[in-house]
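Asks: This is the structure I have questions about; it appears just below.
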Amino acid sequence: MASDTPRRPRGESTPGSRGRRTPRSARNPRAGSNPRDGSDPRDGRDPRAGRDPRDGRDPRSGAFDPRAARAERIERSEQMRRSGRQDPRRRGGRGQSRTRASLSLDQIIEAAIATLDAVGAEKVTLRGLAAQLDSGVASLYWYASGKDELMAIVADELLGRALDDADALIADGLATPPVFAAYPEMVPAEATSTATAEALRDVRRLVLCLFVQMIEHRWLAGQLIKAGPDEHNSLSYWERIGQALQRTELDLTSQFHASLTVVNYASGMGAEVSQSAIDRESMEDTEAEFAEQIDRWASFDEEEFPFVHSVLGEFAKFDEKSEFIVGLDLVLSGIERLSWG
C-alpha cells in the first residue's frame, strides 16, 4: 500500500528524520482576525466591505462560493505577475529576465487538469500542453521551471478546491460531500467529549473532500505522494487537520502523530484506490476478471487460509468509496479512543 510520510520543509532536519515528509495541509482563513468585526489587522481588509479574497465568502450574504474562491486565488497570482512581483507559486528562473507570458495561469491550470485526466501524468509534456493551448512553451515556463513544478501547482489548485468544498459544506451544515451521503456518519462513544466528536467530524469532512478530488482526478493522489510541502494549499491542508486535532484532549505528541496518520492515509489510500481504478479501466471485462480472482482465492485450502475464505463474501459489497471511508473511520475511531486518556 502506498504511503506518504510528510517531510520537513527544506533546510530543516533532525536526527532520525531523514526521508520523512511534512504533510500537505491547512490554512485558517480567520487567523489573526478581529473577533468583533472580522477585520484583519495584518492587512487592513474589512470583510464587511465585500467578499474576503482569502476565503471566497461574501459577508453580506454569508454564502460561500467555491468558484469565487478559486477565481480569487488565480486573480492574486495574476496581479502579482502584472506588477512584476515574484509569485510564490512561480519559483523557476529566479532573477532571470523573460518574456511576459501570453497565457494566464488559470488557462494553463485548466488545460493541464484536462490533459492529466485524459492521458495521465506520465504522458503529459510541457511542449504538448503548450501546443494544445496554441502557445509557445515559454508561456508555461513563466509560471513553472518544468513539468514537476507545474504538476505541483496543478495539484495544489485541486487541494485548494478540496478546502473550498469543505468550507462550503460547513456553511451548509453538512458533514460529508454528497457522494458519501448514503454512508452512515461516525457515532461518537459516550466517553468521547463533544469537542473531540466535532473535531473528528471536521477531519473526516476534510479528508472526504480531498478524496472526491482524487476520484475525479486519478493522478492526483500519486502526485501528492511525490510532491513536497512547498505549495500553500498543501501546507494549509495539514494545518486544518492539525487545528481540528488541537480541539481534542490529545497531548501535543499525539496530535502530531495523529495528523501524520490522517494525512498519510488520505494520500496513501487514495493512491491505492486510484491505481486500482486505473487497472480496472484497462481490463476488457472487469466483472469477469474480478470473479476469477475470487475463485483463485477460494481454491486455496480453507484450513490453511480460514480468514481469507471467511471474508470472500464481503467483496460483493466492495467499492472504492466504501473501501476508503470504512478505513478512514477505523483510523478516526482509534484517534477517538486515544482522546479518552
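The values are calculated or read from the model by the stated rules, or taken from the named source; none is laboratory data. Please read all numbers here as calculations on a predicted model, not as lab measurements. Note that we place each Cβ from the backbone using ideal geometry, even for glycine, and neighbour counts take in every protein chain shown. Heads up: the accessible areas ignore ligands, DNA and RNA and are worked out on the full protein's heavy atoms, side chains in. Shrake-Rupley method; radii C 1.70, N 1.55, O 1.52, S 1.80 Å.
Asks: Expected output is a single nm value to one decimal: the length gained when fully extending between SER276 and VAL137, i.e. 0.36 nm times separation in residues minus the C-alpha distance. What is it?
Replies: Using 0.36 nm per residue and subtracting the Cα-Cα distance, I get 46.7 nm.
Asks: With θ set to phi - 60°, apply the Karplus curve 6.51 cos²θ - 1.76 cosθ + 1.60 along segment 105-120 and write out the HN-Hα couplings as whole Hz, x wherever there is a Gly or Pro.
Replies: 4, 4, 4, 5, 4, 5, 5, 5, 4, 4, 5, 4, 5, 7, 10, x
Asks: Residue by residue through segment 187-196, what is 3J(HN,Hα) from phi via Karplus (6.51 cos²θ - 1.76 cosθ + 1.60, θ = phi - 60°)? Round to whole Hz and write x for glycine and proline.
Replies: Listing the rounded values in order: 9, x, 6, 4, 6, 8, 5, 4, 4, 5 Hz.
Asks: So, for segment 247-306, what is the accessible surface per residue at a probe of 1.4 Å, expressed in square angstrom?
Replies: Heavy-atom accessible area per residue stands at 63 Å².
Asks: Let me ask another. Computing the accessible area with a 1.4 Å probe over protein heavy atoms, can you report the carbon and sulfur percentage for segment 267-341?
Replies: Roughly 55 percent, rounded to a whole number.
Asks: What lysines does LYS317 reach when the alpha-carbon gap must be under 16 Å and sequence neighbours fewer than 8 apart in one chain are set aside?
Replies: Cα-Cα hits under 16 Å: none found.
Asks: Another one. With 10 Å bins from zero, work out the P(r) of segment 105-251 over every alpha carbon pair and list the percent per bin.
Replies: 10, 35, 29, 16, 8, 2, 0
Asks: On to the next question. Pull up the cross-link candidates among the lysines for LYS226, meaning alpha carbon to alpha carbon under 18 Å and not fewer than 8 places away within one chain.
Replies: Within reach: LYS123, LYS147.
Asks: At a threshold of 8 angstrom on Cα-Cα distance, excluding pairs fewer than six apart, so keeping six or more, what relative contact order does segment 196-282 reach in percent?
Replies: 45 percent
Asks: May I pose another question? When the label point is put 7 Å from the Cα of ALA114 along its Cα-to-beta-carbon vector, which residues of segment 134-155 have a backbone N closer than 15 Å?
Replies: Within reach of a label on ALA114: 134-135.
Asks: With a 10 Å radius around each residue's Cβ, average the other Cβ atoms per peptide and rank 181-188, 257-264, highest first.
Replies: In decreasing order of mean packing, 181-188, 257-264 become 257-264, 181-188.
Asks: In whole Å, how far is the Cα centre of segment 184-219 from that of segment 121-153?
Replies: 35 Å
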